[in-house]
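The values are calculated or read from the model by the stated rules, or taken from the named source; none is laboratory data. Remember, predicted model here, so these are calculated numbers, not experimental data. Reconstructed Cβ throughout: ideal geometry from the backbone, glycine too, with neighbour counts over all protein chains shown.
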């Protein structure tokens with residue numbers, strides 16, 4: 001009997017030890033951002049220990065977290081719910097559960113879990129984020145911006161297509177990252193379980209049609225994972241992320257630069273950034289027009305605020321090495337993730353975050369630099385942002401037009417490229433100037449258009465039929481004067497300030513002698 005009991009205890013301890021090993025392996029894979037592999041370990045743990053509530057709670061939370069990082073809210077919410085039902089102790093589960101529900105547009109339910117998280121962790125830096133996000137979402141759904149957003153079919157596949165960028169000089173060549181099948185570079189990513197990503201491009205022909213995407217020629221793409229890239233202003237240097245996976249280590253992402261040689265990209269070398277430990281991955285480069293400032297994303301660097309943060313390195317000349325990385329500070333970075341920086345020609349910084357209040361998942365934000373580490377942060381609102389992940393924005397120079405990446409409902413693949421544009425607002429005023437008593441049209445009436453500061457904005461005269469037509473600019477209040485020798489001066493007022501739609505004003509004027 002003693003022997004039988006000993007064997008029984010040995011079996012129990014072996015099973016328990018194996019269970020702990022699976023959990024540790026899953027946590028290690030999760031820490032290395034190998035989320036697809038981690039899910040297998042955690043899900044297996046749940047199936048093998050269905051009656052051990054504390055094990056199920058932890059494994060379900062970790063599985064939900066992995067699906068959250070893979071931006072699969074339907075799966076994530078299911079596991080966070082299971083974790084809550086099994087009394088997971090860390091209140092953060094309520095925040096994550098709420099975020100998944102918000103992405104699924106279940107706003108009322110999301111608000112309940114956000115309020116629960118705030119109640120249990122009132123001092124957490126993200127305590128108010130969820131409740132504020134729901135409030136902001138309703139405001140944006142009621143008052144969207146004027147941007148028009150449409151999917152760009154030719155660029156997209158059924159896989160992940162993301163992070164577009166232009167050749168700056170003509171905007172007729174678009175590069176982007178994709179996990180679509182590439183016969184010469186076939187590797188499965190342990191992070192996502194998808195094909196490893198490569199960089200592709202598409203060109204516009206003389207008829208304005210975009211070509212089918214092709215893999216970038218040269219030495220940029222390999223059997224490793226490449227993507228999240230950008231070009232310098234001359235389109236001669238390509239900065240990109242390359243991730244080398246190893247089963248025993250972090251994925252080892254680094255930033256590289258390639259030089260254009262004819263139509264090929266070669267002379268690949270790593271961008272040396274001092275102070276980056278071997279155990280830390282960096283990526284998502286954004287280079288300034290003068291190539292003296294490089295923005296990038298890193299995880300858990302010294303002085304980081306949590307999650308992924310955006311950093312900047314600078315140099316005095318293009319042929320000099322970059323200096324030590326500087327965290328952009330708590331105006332930009334939060335305890336959650338800030339990713340995919342983009343620096344515009346005027347110095348404005350765009351990035352995506354799931355730590356600032358937003359509409360769900362990653363939202364795109366604008367950071368206007370004030371001084372030092374101070375930035376004014378603003379959400380770009382709907383429809384540029386949606387309830388799902390929105391990131392990787394790029395503009396056509398200083399035009400209010402460009403492309404962004406989104407996982408929103410109605411896409412063609414897992415993430416897609418969308419074109420956006422802010423339609424111009426047109427204001428015009430026209431009419432006829434008459435003699436008040438004869439009702440005859442008056443030609444050659446002098447018309448002066450003044451703004452609210454009495455600055456002359458336009459000047460013209462009525463035609464032979466007494467008619468006029470003047471274009472007005474937005475965000476002005478106008479006073480328009482009508483003068484003709486022998487008549488008293490008359491005036492009319494027109495206000496275009498705060499108008500968000502095009503409008504035509506009609507003003508017929510009757511002059512008195």
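Before moving on, here are some points about what is shown:
- Residue count for region 253-275 under the criterion of being surrounded by fewer than 12 Cβ atoms within 10 Å (Cβ to Cβ) and touching a strand residue (DSSP E or B) at 6+ places or on another chain (Cβ under 8 Å): the result is 2.
- Residue within region 280-289 that is touching a strand residue (DSSP E or B) at 6+ places or on another chain (Cβ under 7 Å), in a loop (DSSP other than H, G, I, E, B) and under 12 Å from residue 254 (Cβ atoms) present: yes
For every residue, the table says whether it meets (1) under 53 Å from the mean Cα position of the chain (by Cα); (2) within 27 Å of residue 424 (Cβ to Cβ).
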position: 445; (1), (2): yes, no
position: 449; (1), (2): yes, yes
position: 454; (1), (2): yes, yes
position: 458; (1), (2): yes, yes
position: 468; (1), (2): yes, yes
position: 473; (1), (2): yes, yes
position: 479; (1), (2): yes, yes
position: 485; (1), (2): no, no
position: 489; (1), (2): no, no
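- Every residue from region 310-327 that is within 21 Å of the chain's Cα centre (by Cα) and either at pLDDT below 95 or within 21 Å of residue 168 (Cβ to Cβ) (or both): 312, 327
- Top-ranked residue in region 85-117 [being under 22 Å from residue 52 (Cβ atoms) and surrounded by fewer than 19 Cβ atoms within 10 Å (Cβ to Cβ); ranked as nearest to the chain's Cα centre (by Cα)]: 92
- The sole residue among 203, 226 that is assigned by TED's automatic domain parsing to the domain that holds residue 318 and within 24 Å of residue 282 (Cα to Cα) is 226.
- Number of the exception - residue 442 against (1) at pLDDT 95 or above; (2) surrounded by fewer than 16 Cβ atoms within 10 Å (Cβ to Cβ): (2)
- Taken as a whole, region 366-383 holds at least one residue that is farther than 27 Å from residue 92 by Cβ, in contact with a helix residue (DSSP H, G or I) (Cβ under 8 Å, 6 or more places away or on another chain) and surrounded by 18 or more Cβ atoms within 10 Å (Cβ to Cβ).
- From the list 193, 208, the lone residue that is closer than 25 Å to residue 280 by Cβ and out of contact with any strand residue (DSSP E or B) (no Cβ under 8 Å at 6 or more places or on another chain) is 193.
- Among the conditions (1) surrounded by 14 or more Cβ atoms within 10 Å (Cβ to Cβ); (2) at positive phi; (3) not in a strand (DSSP E or B), residue 392 misses just one, which is (3).
- The single condition among (1) assigned by TED's automatic domain parsing to the domain that holds residue 217; (2) crowded, with 20+ Cβ neighbours inside 10 Å; (3) in contact (Cβ under 8 Å) with a residue 40 or more places away in the chain that residue 137 does not meet is (1).
- Boolean, residue 78 is touching a helix residue (DSSP H, G or I) at 6+ places or on another chain (Cβ under 8 Å), surrounded by fewer than 18 Cβ atoms within 10 Å (Cβ to Cβ) and free of Cβ contacts under 8 Å to residues at least 24 places away in the same chain: yes
- So residue 124, is it in contact (Cβ under 8 Å) with a residue 24 or more places away in the chain and farther than 27 Å from residue 298 by Cα: no
- Applying the criterion of being surrounded by 14 or more Cβ atoms within 10 Å (Cβ to Cβ) and free of Cβ contacts under 8 Å to residues at least 40 places away in the same chain to the residues of region 204-222, the residue that is nearest to residue 174 (Cα to Cα) is 204.
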